[in-house]
1. State all residues of the range 1-41 that are among the β-branched types (Val, Ile, Thr) and within 16 Å of Asp56 (Cα to Cα); if no residue qualifies, say none.
2. I'd like to verify a number: residues in the range 1-49 that are surrounded by 13 or more Cβ atoms within 10 Å (Cβ to Cβ) and in a loop (DSSP other than H, G, I, E, B), how many?
3. In the range 49-66, which residues are out of contact with any helix residue (DSSP H, G or I) (no Cβ under 6 Å at 6 or more places or on another chain) and not acidic (Asp, Glu)?
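Read-outs throughout are calculated quantities, based only on the coordinates presented, and are distinct from any laboratory measurement. Quick caveat, the model's predicted, so the values are computed rather than measured. Counting neighbours? That spans all protein chains shown, and the Cβs are built from the backbone with ideal geometry, glycine included.
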Amino acid sequence: MANHKSAIKRIRQSEKRRFFNKYFHKTARNAVRKLKALSSKKEATAFFPNVVAMLDKLAKRNIIHKNKASNLKSKLAKHINALK
């Protein structure tokens, strides 16, 4: 257990941040799954900007790597273009 007040506070902050990061990451993953499950090109095209924004925010906050975000966006765009 931490002995210093600052260390105790840091533990609290880290825990809170971990839960926020976990929430945002899980939400984005579910959005990606939802987009992949869509079969209508019109719906997918409308939903795509929301997913891209989520992925960009995750990359900006260093929850995921920027290249991973780019790869996911690219794969999703390919998926949407393949829809009829």
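1. Of everything in the range 1-41, those that are among the β-branched types (Val, Ile, Thr) and within 16 Å of Asp56 (Cα to Cα) turn out to be Thr27, Val32.
2. Selection size over the range 1-49: 1.
3. So the first thing to find is which residues in the range 49-66 are out of contact with any helix residue (DSSP H, G or I) (no Cβ under 6 Å at 6 or more places or on another chain), and the list is 49-50, 53, 56-57, 60-62, 65.
Residues satisfying the conditions are Pro49, Asn50, Ala53, Lys57, Lys60, Arg61, Asn62, His65.
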